[in-house]
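The values are calculated or read from the model by the stated rules, or taken from the named source; none is laboratory data. Fair warning: this is a prediction, and the values are worked out from it, not measured in the lab. Backbone-built Cβ (ideal geometry, glycine too); neighbour counts: all protein chains shown. Just so you know, the surface numbers come from the protein's heavy atoms only, side chains and all, with ligands and any DNA or RNA stripped out. Shrake-Rupley method; radii C 1.70, N 1.55, O 1.52, S 1.80 Å.
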Amino acid sequence: MSESIRIAAAGDVHASEALREHLSRAFAGIVEEVDLVLLAGDLTTHGLPDQASVLADACAGVPVPVVAVLGNHDHHSGHANEVAEVLRASGIVVLDRGHVVLELGELEV
């Protein structure tokens with residue numbers, strides 16, 4: 001029997017302070033259910049580092065890898081590099097024209 005990987009994927013998170021509690025509950029609710037989290041763009045509402053901090057805080061308790069790419073909203077304010085750094089500082093893998101190989105159990109993703 002082959003091993004399986006449970007993936008939670010979301011796009012258009014649009015994190016902001018107004019969504020802090022909602023995002024915290026959403027990420028807390030998946031920690032026992034998944035092996036990997038993929039976040040596909042528009043992670044922030046307007047591309048501000050403090051909005052990225054909301055998402056970073058929500059992901060802080062997630063014990064599985066979180067991999068993300070930025071979207072157009074994450075570039076709106078001209079702070080995309082800072083947004084990415086805030087996310088990386090919290091352990092989120094932010095891909096920018098790159099890739100990552102993760103070992104999940106006996107499988108590579």
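Before moving on, here are some points about what is shown:
- Each principal axis of the Cα cloud of the stretch 64-109 was taken in turn, and the coordinate range along them, longest first, works out to 41, 19, 13 Å.
- Over 11 Å [Cα-Cα, the stretch 1-44], rounded percent: 70 percent
- For LEU102, net neighbour charge (Lys/Arg +1, Asp/Glu -1) across residues whose Cβ lies under 14 Å away: -4
- Protection proxy ranking of 14-20, 101-107 - average other beta-carbon atoms within 10 Å, highest first: 14-20, 101-107
- Sulfur and carbon atoms: percent of accessible area, the chain [1.4 Å]: 52 percent
- Hydrodynamic estimate: the Kirkwood radius of the stretch 23-109 over Cα pairs, inserted into Stokes-Einstein at 37 °C and 0.692 mPa s, corresponds to D of 249 µm²/s.
- Relative contact order (%) - criterion: Cα under 8 Å, at least six apart; region: the chain: 27 percent
- Whole-number percent relative contact order across the stretch 27-87, with pairs defined as alpha carbons under 8 Å at least 6 apart: 46 percent
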